[in-house]
1. For THR16, THR187, give me the order by solvent-accessible area with a 1.4 Å probe, most accessible first, ignoring ligands, DNA and RNA.
2. Beta carbons within 10 angstrom, averaged per residue: use that to sort the peptides 145-156, 241-252, highest first.
3. Provide the solvent-accessible area of TRP342, counting protein heavy atoms only and rolling a 1.4 Å probe, rounded to the nearest 10 Å².
4. Which angle between 0 and 90 degrees, to the nearest 10, do you get for helix 136-152 versus the longest principal axis of the chain when only C-alpha atoms count?
5. Is there a quick way to get the dipole size of the chain? I mean about its Cα centre, with the Cβ of Lys and Arg at +1 and of Asp and Glu at -1; what is the value in debye to the nearest 20?
6. Which of the three applies to the range 326-412, rounded, prolate or oblate, going by the alpha-carbon gyration tensor with a ≥ b ≥ c and a/c under 1.5 meaning rounded?
7. Rolling a 1.4 angstrom probe over the protein chains, ignoring ligands and nucleic acids, what is the accessible area of TYR357 in square angstrom, nearest 10?
8. In what sequence, largest accessible area first, do THR337, THR46 appear using a 1.4 Å probe?
Amino acid sequence: MIQSIRGFKDILPGETGVWQKIEKTAVSLFEDFGFCEIRLPVLEHTELFSRSIGKDTDIVEKEMYTFADRKGDFITMRPEATASIVRAYIQHRLYAVDPVQKLYTIGPMFRRERPQKGRYRQFSQINAEVLGVDSPLVDAELIFMLAELFRRLLVSDVSVHLNSLGCPKCRPGFTKALQRFLAKVTTQLCADCQKRKDKNPLRVLDCKVLACREAVADAPAMIDHLCAECEAHFATVKNSLNNLKVKFEIDRRLVRGLDYYTRTTFEIQTGSLGAQSAVAGGGRYDGLIESLGGPAQPAIGFAIGFDRLAEIVAAGNNNAAGGIDLFIAALGEKAKTAALEWSCALSIYGIKTETDYSDKGLKGLMKRADRLGAGHVLIAGDKELDEGVAILRDMSTKEQVSLKIEGIIDTLKSKLTAK
Ligand code: AMP
């Protein structure tokens, strides 16, 4: 039997209801905040990611699905969406229409990580990005919108973690101070961090290995080294979030796995996912557009881990999907022909209707209606049809009424939408 590839999972019919609910909620919220959808390819030139995410990051070093196509060009299955959004902004000169672009996109990403619960090799993200605005007020607006999405999805076990990563002016001084500190604790660091401390020292701060966490407990923090501009920017973000009543915690250790982040950095963490506690992450990337050959425009964005969010929403039993309005139990050939007509007419009217064209008896049909979670069952046999009636059973009260076949579609429309 051929199975799916490790780390690549199916989202089954019983799960897609939650996915659709999340997507609908996100899209309607984002559109109300003035965001427009952008759809992007899954394959990009490898260079786009090595230049944006950074050569010395875990993603680019170890996790990308990169291969040479038939002509020998190196292409990569995108590990994240921000780089592609920026590429599209530059390539299509979206900034010439309006430098301020508020964009969202939803789709699959690919990283060859070690699969476990909440961590897959194909996973989906929901991204929202604001390009062309440097005001800290937009940082607060974006975080507010993200928090509102969780509120609408009734996900309460989440907290907003906030940090600032400074800018090219103040970060080098901090990096030096951090490297001086790490040189003193080198022997306590894991093998990966031994390498990171020279190539990408910030990443040592968010290593999950306990020994590393202990070793960096007293490490210097970026927020103590911010330049005056970054300090003022961060202060406005915090004040604005307070004014908007968004609760947050300052997380001095929060850094992110991609090189392009500057200033405001945030993560939404949850206690309900075990080891994979980050359900969304984002921040500013003020230098990225220019470094990829575009205009000097700042930007900020976030990515929600769709799979992880779906797991939380499903566990909270907020599944709005499932259940149908009407099941037509048609017994006999004439009844099945009538059922086809009724079912089509009611379905296009918006009443979720299902029928069964097999030769099951009434017992089997009622069992199927139960399994489908039908609110009502219309029982129609050839004998009833000859008498010009069918029986409508309310599955919750068990009450039954007899309906005239003549005008039955209109009768059902009014009965089933009356509540
Ligand atoms: P990142 O692009 O690394 O900032 O990740 C943003 C969010 O995507 C994370 O907070 C996770 O919720 C989710 N995510 C990242 N990697 C994976 C993965 N391998 N499997 C599932 N979700 C992931």
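1. THR187, THR16
2. 145-156, 241-252
3. Approximately 10 Å² of TRP342 is accessible to the 1.4 Å probe.
4. 30
5. Computed charge dipole of the chain: roughly 1200 debye.
6. Verdict is rounded for the range 326-412.
7. Surface open to solvent at TYR357 totals about 120 Å².
8. If we order THR337, THR46 from most to least accessible, we get THR337, THR46.
The values are calculated or read from the model by the stated rules, or taken from the named source; none is laboratory data. Computed from a predicted structure; not experimentally measured. Positions of Cβ are backbone-derived with ideal geometry, glycine not excepted, and every protein chain shown enters the neighbour counts. Side chains included, ligands, DNA and RNA excluded: accessible areas come from the protein's heavy atoms. Shrake-Rupley method; radii C 1.70, N 1.55, O 1.52, S 1.80 Å.
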